[in-house]
Amino acid sequence: MARRRPLIAGNWKMFNTGPQAAELASRLRSLVSDVTHVDIMVAPPFTALGIVAEILKGSAIRLGGQNLFWEPEGAYTGEVSARMLKAAGCSHVIIGHSERRQYFGETNASVNWKIKAALLGDLIPVMCVGESDAEREADQTFSVVQQQLEEGIKGLGADEVQGFTIAYEPVWAIGTGKTATEDQAQEVHEFIRARIEAACGNSIANDLRILYGGSVKPGNIAGLMAMDDIDGALVGGASLDAESFAAIVRGSLDA
Ligand code: 13P
């Protein structure tokens, strides 16, 4: 059983217009209004942050951005800064999601710059790591994750890593219906915690929340949460339906 307070986060990706996001957020708010032992966060697309922030005001559900740019402001057409996310009501920001790495050229170095910008802007980074199918097949899972971790937190002090959340999302499990087994996920989570312990010490590693992401559903959350080093989930597809996301939130306590 995980020892840290769970965080269940919904990554809405490029789904939902403002009105659709508003409906999803208000339905979710009412479905989880009695939940007190789990932290909940949703990350709508930028265009829906304002309306979702309005709807979630006064609730315990936190708001996150799906990405940011590392500069504080400037002539960077199409980009959004940490300060803009903060002002829109965000407490968290997802950084280095595999879809950003795969389609938008993000590297471990850009992830590192973005994490620094998030921390400066008083946002909690949810740093994503995870291997591709080919990397797992080639037995490179641990070396890939280690490099993503080391380069992602390069130059940061232990006190800064303390504010982090890490999400392990094996690329082959995202949107495929192919969840990592509990043991496969646990062994990478344990490895991540050990790397953070080596870099930042025992107490920071112990408190660090490590989320699993990749085809998380109401039916598999309890099994995942039963593992020692799995502290929550970053949910894609199943977070687009209020009932299933709420069921995952509740299921995270059943472990
Ligand atoms: P799915 O839950 O749709 O597999 O997506 C996982 C994910 O990428 C969350 O960030």
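The values are calculated or read from the model by the stated rules, or taken from the named source; none is laboratory data. Remember, it's a predicted structure, so these values are computed and weren't measured experimentally. Methodologically, a virtual Cβ is constructed for each residue, glycine included, from the backbone with ideal geometry; neighbour enumeration extends over all protein chains shown. Please note that ligands, DNA and RNA were not included when accessible areas were found on the heavy atoms of the full protein model with its side chains. Shrake-Rupley method; radii C 1.70, N 1.55, O 1.52, S 1.80 Å.
Condition test on Ala194, is it open to solvent by 10 Å² or more (accessible area, probe 1.4 Å), in a helix (DSSP H, G or I) and within 16 Å of the ligand (Cβ to nearest atom)?
no
Restricting attention to region 238-255, and to residues there that are of a type outside the set (D, E, K, R) and assigned to a loop (DSSP other than H, G, I, E, B), which single residue is modelled with the highest pLDDT?
Ranking the candidates gives Ser252 first.
Does Ala185 meet the test of being open to solvent by less than 70 Å² (accessible area, probe 1.4 Å), modelled with pLDDT of 95 or more and not in a helix (DSSP H, G or I)?
So Ala185 does not fit the description; no.
Which one of these does Glu187 not meet: (1) without any contact (Cβ under 8 Å) to a residue 40 or more places away in the chain; (2) within 16 Å of the ligand (Cβ to nearest atom); (3) of a type outside the set (Gly, Ala, Ser)?
(2)
Got a sec? Which of Glu79, Glu99 is more than 20 Å from Glu190 (Cα to Cα) and within 12 Å of the ligand (Cβ to nearest atom)?
Answer to the check: Glu99.
Looking only at residues in region 212-237 that are part of a strand (DSSP E or B) and within 9 Å of the ligand (Cβ to nearest atom), which one is surrounded by the most Cβ atoms within 10 Å (Cβ to Cβ)?
Here the answer is Ala233.
Restricting attention to region 27-42, does a residue exist that is touching a Phe, Trp or Tyr at 6+ places or on another chain (Cβ under 7 Å) and of a type outside the set (Lys, Arg)?
yes
Which of the residues that make up region 52-79 are under 21 Å from the mean Cα position of the chain (by Cα), open to solvent by 40 Å² or more (accessible area, probe 1.4 Å) and among the hydrophobic types (A, V, I, L, M, F, W, C)?
Ala60, Trp70
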